[in-house]
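Only one structure is covered here, and it is reproduced in the block below.
Derivation of every value follows stated rules applied to the coordinates shown; laboratory data play no part. What you see is a predicted model, and the numbers here were worked out from it, not measured in a lab. When we count neighbours, we look across all protein chains shown, and the Cβ atoms used for this are built from the backbone with ideal geometry, even at glycine.
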Amino acid sequence: MSPARKRAPSRCRWGSGAVLALLLFSPVLAAAATAEETLARAARGVLAPGEGQATEAVFAAPSGVTTEADLPLVARARYTYKAPRVRVEMTDVASKAVRLLVHDGKETWLVTQVGATRLSEVAPEVRRALSEQAFPVGASPAGARLGGSEAVGGRPAQLIEGTGPEGAWTMWVDTADGRLLRYRLRGGEQVGDLTYGAGGALRKVTVKNARGQLVLVRFRDVPARMAVEDGVFSVEQARGGGDLGQALARGLTSGRTQGPAVTATAGARGVDEEIQHKQLGRMHLDYQALAEVERFRITETDVENFLRAGKLGRYRE
């Protein structure tokens, strides 16, 4: 990337040049097109392109390979979205472990049976792994700033730059339609290119390391348009401080069938408060009991049943 970034020539008389001119000279549009808002819209286009579901196959090799055929399948993901919200269920192929993420339109939560915690607050290695496999889930537009412009695949793109917990990052956003075309993380340690299909739906993400080797490829199927209930995006924040944060970093932990621990489990799954009071009486969170809950784990079958039930929101009749 040249230090002096130049705007690519317009491909048509009324195209990206005209759009960019409007953004530059219209007070109303210029005020709306801040770096943070532009990046947030681009991320929503990838994560929640309307309302429905899509699945992904994730192939990865952290050490890097030469061809896509050398990348092993490491995870499968299911996206349920209703813009601007998205729920992502990541299943590790080897261990069958499942991690559940919910982006509520503003921030991303890692959800377990004892509640939800912000993805930004979990252990760095967990946050990094999930962010790589489900980018741009977890990406925050806060502090983003406009850079120059470059061409990506023959399309003029606006650069948006920023700095996060793991270093500098750069995003390339199509100046014509606002789609995210490319991203660079951790100061160039990873560079990802996004490919879109008919209707502008994301179909593939190809990620390379600084040496130009393939480290990750995601293939997304054709999104299925369907009605999605708001309840699948509902979460209740977990409590308990640092000990709970470490439990969340280790993965899903189990609740118990009675006592104060049920409060956390029921809250995470959105049980109606009135039903809670009728069945369990007036409840108060017991942090000592919660710490004991963190010592236990659940089976893969329990995790699968929990996710398949789709009851993050209020129980449905």
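The ranking of Lys208, Lys106 from fewest to most other beta carbons within 10 Å of each one's beta carbon is Lys106, Lys208. Derived scalar couplings between HN and Hα for region 71-83 equal 8, x, 6, 10, 7, 10, 10, 10, 9, 10, 9, 8, 2 Hz in order, rounded to whole Hz, by the Karplus curve 6.51 cos²θ - 1.76 cosθ + 1.60 (θ = phi - 60°), x for Gly and Pro.
Placing dummy labels 7 Å off each Cα toward the beta-carbon, the span from Thr55 to Gln237 is 3.5 nm.
Computed extension length for Lys106-Arg41: 22.2 nm, one decimal, from 0.36 nm per residue of separation with the Cα-Cα distance subtracted. Between the beta carbons of Ala198 and Ala83, assuming R0 = 22 Å, the FRET efficiency works out to 0.75 to the nearest 0.05. Legend: ranking of residues Met90, Met226 from fewest to most surrounding C-beta atoms inside 10 Å; resulting order Met226, Met90. Each label was represented as a point 7 Å from its Cα along the Cα-to-Cβ direction; for Ala224 and Glu68 these points are 2.3 nm apart.
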